[in-house]
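**Student:** Pasting a structure below so you can have a look.
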Amino acid sequence: MTFKFLNGTGGLLANVSYYTATPLSKIIKKVYSLVSNDGYIYSSNNSYIYIHTKPQIIDGNRYITQNITNNFKNTITVNFIKEFNYTINFLSIQGATIKPSYFYMSFENITEKYKNYYIWAPRNNEIAIINASYDGVNLNINRTLQTNSDSNLNVTIPVSNINIKVVTILGIPVVGASVTIKVDNVSFKNYTNVLGGVTFANLPQKTYNATVIAYNSKFFFNNLNTLSSTLSITAGLYELYIIIGIIMVILVILLLLEQIRHRKYGKKHK
């Protein structure tokens with residue numbers, strides 16, 4: 001069998017498999033890799049030929065073939081489809097552009113994984129965008145787009161409030177500490193209340209990293225739970241000050257009680 005590539009671009013290659021039935025082994029599979037234009041393979045008349053290619057970039061252009069199945073013939077023509085680079089914009093409900101960690105694009109039984117906005121696709125064809133993930137959050141996308149037309153995808157990002165409580169290793173709440181969490185290079189900052197708590201509202205449901213700034217020190221925490229986390233920080237001086245303060249308060253109370261006792265005792269003796 002001789003292969004004729006319709007496209008006049010040099011350097012195009014195809015993978016070819018054929019299956020032939022024989023009385024003893026029932027099915028024999030033979031694979032020819034990287035068959036070029038005017039290349040040939042040997043087979044028998046009762047074979048089924050499968051022609052497939054991995055996407056190939058030549059001179060800045062990308063080419064693919066449609067999946068082709070044929071009965072054995074002396075000559076078979078393979079049509080390569082020229083693809084182009086397109087940008088897809090993923091827009092959240094609030095209109096902000098987000099960049100998925102990855103998504104899949106399907107066309108002509110070919111499914112590819114992408115990690116950026118840019119995809120390869122033929123002109124004037126329908127492509128399906130599926131299985132998009134945003135930092136571990138499934139965006140539940142299964143949309144069909146027409147190339148050379150609208151390339152905006154409106155996606156829904158599940159949101160929730162994240163509640164963080166910052167305490168010392170003794171469980172004492174850390175008051176007034178600056179807490180920063182990061183979402184795609186955008187930082188959100190808030191301060192702990194008298195109970196050591198801080199809330200961030202309407203954030204994507206995902207796992208966060210946080211930075212707590214307290215007592216002129218930075219404390220880093222990785223892989224926070226999406227809903228709530230208690231962060232224990234080592235703040236020896238802070239705890240020491242609190243303990244000293246509590247001792248001072250107790251001493252003052254004892255001193256006052258002692259003064260009251262002396263006054264009562266003095267009045268009795270008079």
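The values are calculated or read from the model by the stated rules, or taken from the named source; none is laboratory data. As the structure is a prediction and not an experimental result, all values here were calculated from the model. All Cβ positions, even for glycine, are placed from backbone atoms using ideal geometry, and neighbour counts span all protein chains on display.
**Student:** Scan the range 43-64 and tell me whether some residue there is of a type in the set (S, T, N, Q), assigned to a strand (DSSP E or B), farther than 30 Å from I127 by Cα and touching a residue at least 40 places away in the same chain (Cβ under 8 Å).
**Tutor:** Within the range 43-64, not a single residue is of a type in the set (S, T, N, Q), assigned to a strand (DSSP E or B), farther than 30 Å from I127 by Cα and touching a residue at least 40 places away in the same chain (Cβ under 8 Å).
**Student:** How many of the residues making up the range 104-148 are in contact with a Leu (Cβ under 7 Å, 6 or more places away or on another chain), part of a strand (DSSP E or B), of a type in the set (A, V, I, L, M, F, W, C) and within 30 Å of L203 (Cβ to Cβ)?
**Tutor:** Residues in the range 104-148 being in contact with a Leu (Cβ under 7 Å, 6 or more places away or on another chain), part of a strand (DSSP E or B), of a type in the set (A, V, I, L, M, F, W, C) and within 30 Å of L203 (Cβ to Cβ): 2 in total.
**Student:** Got a sec? Which strands (runs of 3 or more DSSP E) wholly within the range 149-191 have at least 1 residues that are touching a residue at least 12 places away in the same chain (Cβ under 8 Å) and of a type in the set (V, I, T)?
**Tutor:** Passing ranges, in order: 159-168, 178-183.
**Student:** Sticking with this one: So N131 ticks every box in (1) in the same structural domain as I110 (by TED's automatic domain parsing); (2) touching a residue at least 60 places away in the same chain (Cβ under 8 Å) but one. Which box is left unticked?
**Tutor:** Condition not satisfied by N131: (2).
**Student:** Has the range 186-197 got at least one residue that is closer than 30 Å to Y104 by Cα, surrounded by fewer than 19 Cβ atoms within 10 Å (Cβ to Cβ) and under 19 Å from the mean Cα position of the chain (by Cα)?
**Tutor:** Checking the range 186-197: at least one residue is closer than 30 Å to Y104 by Cα, surrounded by fewer than 19 Cβ atoms within 10 Å (Cβ to Cβ) and under 19 Å from the mean Cα position of the chain (by Cα).
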